[in-house]
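Chemist: This is the structure, below, for whatever I ask next.
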Amino acid sequence: MHTTVGIIGGGPSGLLLARLLHNAGIDSVVLERRDRAYVEQRQRAGILEQATVDVLRAAGAGERLDREGMPHDGIELRYGGRAHRVDFPALTGGRRVWVYAQTEVVKDLVALQLADGGPLYFEAEVHAVEGVTASDRAEDRPVIRYTHEGREKTLTCDYVVGCDGFHGVTRGMLPEGVRTTYERTYPYSWLGILADAPPVYDELIYAHSERGFALASMRSESVSRLYLQVPNGTDPADWSDGRIWDELDARFALDANPEWRLKRGTVTSKAVLPMRSHVTEPMRYGRVFLAGDAAHIVPPTGAKGLNLAVADVIVLARAFAHLKDTGSTGLLDAYSDTCLRRVWRAEHFSYFMTTTLHADPEQSPFETRLQLSQLDRIATSEHAAAELAENYTGLPLAQ
Ligand code: PHB
């Protein structure tokens with residue numbers, strides 16, 4: 001089998017890329033290692049920037065998002081027993097974000113692709129990509145070798161795009177001497193829960209406390225999504241439902257309203273998520289491109305991971321359309337540099353949000369005071385608040 005763009009990975013970036021290429025009249029094949037149910041249930045982040053919503057709508061995947069997604073005009077910061085709301089539209093000239101879970105985005109894109117897109121194969125495991133060289137000549141076309149329905153298959157491609165996440169195979173196709181990795185790990189993780197409990201707060205709440213960070217998010221009017229900072233290596237089984245709710249209430253406590261409590265309900269899922277920052281450069285080698293988590297990871301505190309993956313895919317889809325329309329590889333050649341500028345901005349913002357809001361176990365009282373001073377600065381300076389709001393709602397997409 002031959003295709004123009006072989007896409008490894010059927011998460012949000014691979015599926016959206018296939019959709020954008022389909023709409024531009026470019027054929028592709030998506031190979032996803034897991035089965036459909038797994039891909040559609042994987043719990044991930046839930047915040048979409050305006051630009052992400054716009055591209056999903058333009059791609060024809062906005063119908064349910066417009067019905068069920070929840071627009072948000074700010075976030076609440078809690079620290080030192082106080083609360084401060086950051087008003088996004090007022091600080092950014094009208095920009096906002098949407099709460100709509102990544103799993104829902106994936107379901108919508110899978111349905112579209114299966115209805116009228118190119119091939120999307122689940123349980124298709126890629127073993128190797130052969131013929132990957134620094135050269136861009138037509139005779140150096142890469143070949144993907146994979147197993148599907150118990151049979152060995154090959155897919156020859158004009159281009160291969162790795163949308164296969166941090167643990168995927170594609171990044172390894174860039175030779176050691178070509179690839180540079182930048183990385184940081186953090187001395188804490190998140191315990192994330194889903195609960196059948198109405199979110200009693202209007203905005204997402206990001207809480208700094210000496211007990212550790214906490215975040216209150218939501219999935220619907222009756223389902224809360226909540227996170228607690230926990231030590232690395234924590235076993236979720238050590239956290240009973242009662243202990244989780246008590247700890248959340250303690251971290252969100254307000255001096256001015258000591259009665260403030262979350263609404264409790266049945267905890268339906270519980271998992272520990274590691275925190276990591278990672279960038280692989282360059283994001284392109286010959287005819288192989290990396291997009292989304294295959295090239296970069298951010299800790300979830302800035303809600304940037306999915307949005308960054310979508311931004312990569314928009315740049316890449318435009319570059320392939322440009323090649324088709326003009327015969328020029330100019331935009332493909334610029335892909336890595338174009339994306340990395342935005343990637344590093346999001347890396348910095350995610351690092352900033354993470355290190356400003358979490359309690360590092362090694363942190364001195366001096367450093368805690370610095371964090372509180374920074375949060376106070378955001379609460380009292382429009383400039384400082386606008387810096388947060390611009391980054392959170394998403395910087396303009398590269399042209
Ligand atoms: C979520 O709703 O899962 C969520 C929201 C904001 C974040 C991270 C996760 O910063």
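Chemist: Evaluate the range 235-248: report whether one residue or more is among the acidic types (Asp, Glu), buried (at least 16 other Cβ atoms within 10 Å of the Cβ), in contact with a His (Cβ under 9 Å, 6 or more places away or on another chain) and at pLDDT 95 or above. Reasoning before the result, please.
Modeler: Step one: of the range 235-248, the residues among the acidic types (Asp, Glu) are 235, 238, 241, 246-247.
If we keep only those that are buried (at least 16 other Cβ atoms within 10 Å of the Cβ) as well, we get 247.
Those still in the list that are in contact with a His (Cβ under 9 Å, 6 or more places away or on another chain) too: none.
No: the range 235-248 contains no residue that is among the acidic types (Asp, Glu), buried (at least 16 other Cβ atoms within 10 Å of the Cβ), in contact with a His (Cβ under 9 Å, 6 or more places away or on another chain) and at pLDDT 95 or above.
Chemist: Here are some conditions: (1) within 16 Å of the ligand (Cβ to nearest atom); (2) over 15 Å from residue 44 (Cβ atoms); (3) assigned to a strand (DSSP E or B); (4) not polar (S, T, N, Q). Residue 215 meets all but one. Which one does it not meet?
Modeler: Condition not satisfied by residue 215: (2).
Chemist: Continuing with this model, one more query. Being assigned to a helix (DSSP H, G or I), away from the ligand (no atom under 16 Å from the Cβ), aromatic (Phe, Trp, Tyr) and surrounded by 18 or more Cβ atoms within 10 Å (Cβ to Cβ) narrows it down to one residue among 349, 289, 320; which is it?
Modeler: Details: 349 fails: away from the ligand (no atom under 16 Å from the Cβ); 289 fails: assigned to a helix (DSSP H, G or I).
That would be 320, the only listed residue that is assigned to a helix (DSSP H, G or I), away from the ligand (no atom under 16 Å from the Cβ), aromatic (Phe, Trp, Tyr) and surrounded by 18 or more Cβ atoms within 10 Å (Cβ to Cβ).
Chemist: Just checking, which of 340, 372, 388 is in contact (Cβ under 8 Å) with a residue 12 or more places away in the chain, out of contact with any helix residue (DSSP H, G or I) (no Cβ under 8 Å at 6 or more places or on another chain) and not assigned by TED's automatic domain parsing to the domain that holds residue 57? It would help to see each step written out before you state the result.
Modeler: Numbers: 340 fails: not assigned by TED's automatic domain parsing to the domain that holds residue 57; 388 fails: out of contact with any helix residue (DSSP H, G or I) (no Cβ under 8 Å at 6 or more places or on another chain).
When all the criteria are applied, what remains is 372.
Chemist: Could you look through the range 15-53, keep only residues that are open to solvent by less than 10 Å² (accessible area, probe 1.4 Å) and over 23 Å from residue 166 (Cβ atoms), and pick out the one that is nearest to the ligand (Cβ to nearest atom)?
Modeler: That would be 53.
Chemist: Considering only residues that are surrounded by 11 or more Cβ atoms within 10 Å (Cβ to Cβ) and under 13 Å from residue 193 (Cβ atoms), which ones fall in the range 249-267?
Modeler: 262, 264, 265, 267
Chemist: Let me ask you something else. Could you tell me whether any residue of the range 345-353 is acidic (Asp, Glu) and either free of Cβ contacts under 8 Å to residues at least 12 places away in the same chain or more than 30 Å from residue 379 (Cα to Cα) (or both)? Before you say what the answer is, go through the steps one by one.
Modeler: Filtering the range 345-353 for residues acidic (Asp, Glu) gives 347.
Within this subset, residues satisfying the condition of being either free of Cβ contacts under 8 Å to residues at least 12 places away in the same chain or more than 30 Å from residue 379 (Cα to Cα) (or both) are none.
Checking the range 345-353: not a single residue is acidic (Asp, Glu) and either free of Cβ contacts under 8 Å to residues at least 12 places away in the same chain or more than 30 Å from residue 379 (Cα to Cα) (or both).
Chemist: Go through the range 172-214 and report how many residues are touching a helix residue (DSSP H, G or I) at 6+ places or on another chain (Cβ under 9 Å) and free of Cβ contacts under 8 Å to residues at least 40 places away in the same chain.
Modeler: Count: 1.
Okay, residues lined up against (1) open to solvent by 40 Å² or more (accessible area, probe 1.4 Å); (2) hydroxyl-bearing (Ser, Thr, Tyr):
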| site | (1), (2) |
| --- | --- |
| 62 | no, no |
| 70 | no, no |
| 74 | no, no |
| 85 | yes, no |
| 89 | no, no |
| 92 | no, yes |
| 100 | no, yes |
| 107 | yes, no |
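Chemist: For the range 189-216: of the residues being hydroxyl-bearing (Ser, Thr, Tyr) and open to solvent by 10 Å² or more (accessible area, probe 1.4 Å), which is modelled with the highest pLDDT?
Modeler: Filtering first and then ranking leaves 209.
Chemist: Another one. Among the residues of the range 81-100, are any assigned to a helix (DSSP H, G or I), more than 30 Å from residue 365 (Cα to Cα), outside the structural domain of residue 174 (by TED's automatic domain parsing) and of a type in the set (Ser, Thr, Tyr)? Write out each step before concluding.
Modeler: Step one: list which residues in the range 81-100 are assigned to a helix (DSSP H, G or I), which gives 88-92.
If we keep only those that are more than 30 Å from residue 365 (Cα to Cα) as well, we get 88-92.
Those still in the list that are outside the structural domain of residue 174 (by TED's automatic domain parsing) too: 88-92.
Still in the list and also of a type in the set (Ser, Thr, Tyr): 92.
Yes, the conditions are met somewhere in the range 81-100.
Chemist: Here's another thing I want to ask about it. In the same structural domain as residue 290 (by TED's automatic domain parsing), under 19 Å from the mean Cα position of the chain (by Cα), open to solvent by less than 50 Å² (accessible area, probe 1.4 Å) and of a type in the set (D, E, K, R): is that true of residue 158 in this structure?
Modeler: Spelling it out, it is not the case that residue 158 is in the same structural domain as residue 290 (by TED's automatic domain parsing), under 19 Å from the mean Cα position of the chain (by Cα), open to solvent by less than 50 Å² (accessible area, probe 1.4 Å) and of a type in the set (D, E, K, R).
Chemist: From the residues in the range 83-115 that are free of Cβ contacts under 8 Å to residues at least 60 places away in the same chain and under 18 Å from residue 32 (Cα atoms), which one is nearest to the ligand (Cβ to nearest atom)?
Modeler: The residue in question is 104.
Chemist: If I ask for residues that are outside any helix (DSSP H, G or I) and either aliphatic (A, V, I, L, M) or crowded, with 24+ Cβ neighbours inside 10 Å (or both), which ones from the range 1-14 would you list?
Modeler: 1, 5, 6, 7, 8, 9, 10, 11, listed by residue number.
Chemist: Related question: Among the residues of the range 264-272, are any in a loop (DSSP other than H, G, I, E, B) and more than 14 Å from the ligand (Cβ to nearest atom)? Walk me through it before giving the result.
Modeler: From the range 264-272, those in a loop (DSSP other than H, G, I, E, B) are 264-265; that's our starting set.
Checking which are more than 14 Å from the ligand (Cβ to nearest atom) leaves us with 264-265.
Among the residues of the range 264-272, at least one is in a loop (DSSP other than H, G, I, E, B) and more than 14 Å from the ligand (Cβ to nearest atom), which makes the answer yes.
Chemist: Report, by residue number, each residue of the range 218-234 that is open to solvent by 30 Å² or more (accessible area, probe 1.4 Å) and either assigned to a strand (DSSP E or B) or away from the ligand (no atom under 16 Å from the Cβ) (or both).
Modeler: 231, 232, 233
Chemist: Still on this structure, I have one more. Those residues that are hydroxyl-bearing (Ser, Thr, Tyr) and in a helix (DSSP H, G or I), I need them from the range 352-376; list them, please.
Modeler: Result: 354, 355, 356, 368, 373.
Chemist: Among what's in the range 292-317 and is aliphatic (A, V, I, L, M) and within 16 Å of the ligand (Cβ to nearest atom), pick the residue that is surrounded by the fewest Cβ atoms within 10 Å (Cβ to Cβ).
Modeler: The selected residue is 297.
The values are calculated or read from the model by the stated rules, or taken from the named source; none is laboratory data. As the structure is a prediction and not an experimental result, all values here were calculated from the model. Note that each Cβ is placed from the backbone with ideal geometry, even for glycine, and that neighbours are counted across all protein chains shown. Each accessible area value is taken on the protein alone, full model and side chains, heavy atoms only, with ligands, DNA and RNA left out. Shrake-Rupley method; radii C 1.70, N 1.55, O 1.52, S 1.80 Å.
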